[in-house]
1. Would you be able to say whether some residue in region B:36-52 is closer than 19 Å to A:Q38 by Cβ, in contact with a Gly (Cβ under 9 Å, 6 or more places away or on another chain) and in a strand (DSSP E or B)?
2. Please find, within region A:21-65, the residue that is surrounded by the most Cβ atoms within 10 Å (Cβ to Cβ) out of those that are among the aromatic types (F, W, Y) and within 11 Å of chain B (Cβ to nearest Cβ).
3. Only residues that are free of Cβ contacts under 8 Å to residues at least 24 places away in the same chain and either over 22 Å from B:Q84 (Cβ atoms) or among the charged types (D, E, K, R) (or both): list them for region B:48-65, please.
4. Can you tell me which residues in region B:82-99 are facing chain A (nearest Cβ under 10 Å), more than 27 Å from B:D63 (Cβ to Cβ) and not hydroxyl-bearing (S, T, Y)?
5. Would you check if there is a residue in region B:73-89 being surrounded by fewer than 16 Cβ atoms within 10 Å (Cβ to Cβ), out of contact with any Lys or Arg (no Cβ under 8 Å at 6 or more places or on another chain) and part of a strand (DSSP E or B)?
6. I'm checking my understanding of the structure. Among residues of region A:66-114 that are within 18 Å of A:K37 (Cβ to Cβ), of a type in the set (S, T, Y) and within 14 Å of chain B (Cβ to nearest Cβ), which one is surrounded by the fewest Cβ atoms within 10 Å (Cβ to Cβ)?
7. Does B:D102 count as surrounded by 14 or more Cβ atoms within 10 Å (Cβ to Cβ), within 14 Å of chain A (Cβ to nearest Cβ) and touching a residue at least 24 places away in the same chain (Cβ under 8 Å)?
8. Suppose we keep only residues that are in a loop (DSSP other than H, G, I, E, B) and touching a strand residue (DSSP E or B) at 6+ places or on another chain (Cβ under 9 Å) within region B:1-15. Which one would you say is surrounded by the most Cβ atoms within 10 Å (Cβ to Cβ)?
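The values are calculated or read from the model by the stated rules, or taken from the named source; none is laboratory data. Source: prediction; values computed, not measured. Because the Cβ atoms are built from the backbone with ideal geometry, glycine has one as well, and the counts that use them run over all protein chains shown.
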Amino acid sequence: KNQVEQSPQSLIILEGKNCTLQCNYTVSPFSNLRWYKQDTGRGPVSLTIMTFSENTKSNGRYTATLDADTKQSSLHITASQLSDSASYICVVSARQDSSYKLIFGSGTRLLVRP
Amino acid sequence: DTGVSQNPRHKITKRGQNVTFRCDPISEHNRLYWYRQTLGQGPEFLTYFQNEAQLEKSRLLSDRFSAERPKGSFSTLEIQRTEQGDSAMYLCASSLGQGIYDEQFFGPGTRLTVL
């Protein structure tokens with residue numbers, strides 16, 4: 001069964017600190033992995049997209065890593081800001097016939113405190 | 001604003017009533033998706049369209065749910081005889097439908113509360 005699991009479920013950090021969110025997946029056939037940021041009451045917004053041949057990708061203070069062998073990914077946030085408070089969702093794309101199906105994790109809820 | 005838009009943003013209804021949501025995708029996007037998201041969970045796929053054709057429906061989409069995209073542009077999602085379990089955020093997304101990097105852009109969602 002295709003699954004995406006994220007940890008921790010929630011995290012509280014102080015402004016300016018770094019943090020790392022984890023994602024493990026069992027999805028086949030794997031196409032790519034994405035991290036989305038979802039603010040409360042809003043739709044998800046894409047942060048990074050990586051295929052199996054890419055093991056790291058950055059977007060400003062966000063750096064995602066991918067280990068296709070162990071089927072793990074992480075999202076590292078550097079020098080956190082209050083605006084980073086949101087849910088971060090790991091999404092894995094699986095090839096399905098002629099299209100691609102997205103499998104979503106449950107997300108990690110991050111709260112950045114001043 | 002050229003992003004995905006959804007209306008209404010919030011809907012409160014009584015159990016048993018019908019509701020309809022609208023999604024306007026990014027204009028040049030061929031694919032349109034509907035998802036449902038409950039509190040603390042990631043979005044769950046409901047259905048998607050390639051232009052006006054509905055190509056896939058999830059088992060989550062019971063007979064009370066129907067989606068249309070009559071002219072391949074905007075889409076509507078109707079829920080008949082709503083139940084309290086239908087309370088959720090309904091998200092719409094659109095994409096160009098090209099290649100493995102086919103990025104889906106999400107709308108702000110419609111939050112449904114069934115009393």
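1. Taking every residue of region B:36-52 in turn, at least one turns out to be closer than 19 Å to A:Q38 by Cβ, in contact with a Gly (Cβ under 9 Å, 6 or more places away or on another chain) and in a strand (DSSP E or B).
2. A:Y36
3. We begin by selecting, within region B:48-65, every residue free of Cβ contacts under 8 Å to residues at least 24 places away in the same chain; these are B:48, B:51-59, B:61-65.
Scanning region B:48-65 gives B:Y48, B:N51, B:E52, B:A53, B:Q54, B:L55, B:E56, B:K57, B:R59, B:D63, B:R64.
4. Result: B:G97, B:G99.
5. yes
6. This residue is A:S106.
7. Against the criterion (surrounded by 14 or more Cβ atoms within 10 Å (Cβ to Cβ), within 14 Å of chain A (Cβ to nearest Cβ) and touching a residue at least 24 places away in the same chain (Cβ under 8 Å)), B:D102 qualifies.
8. Top of the filtered list is B:V4.
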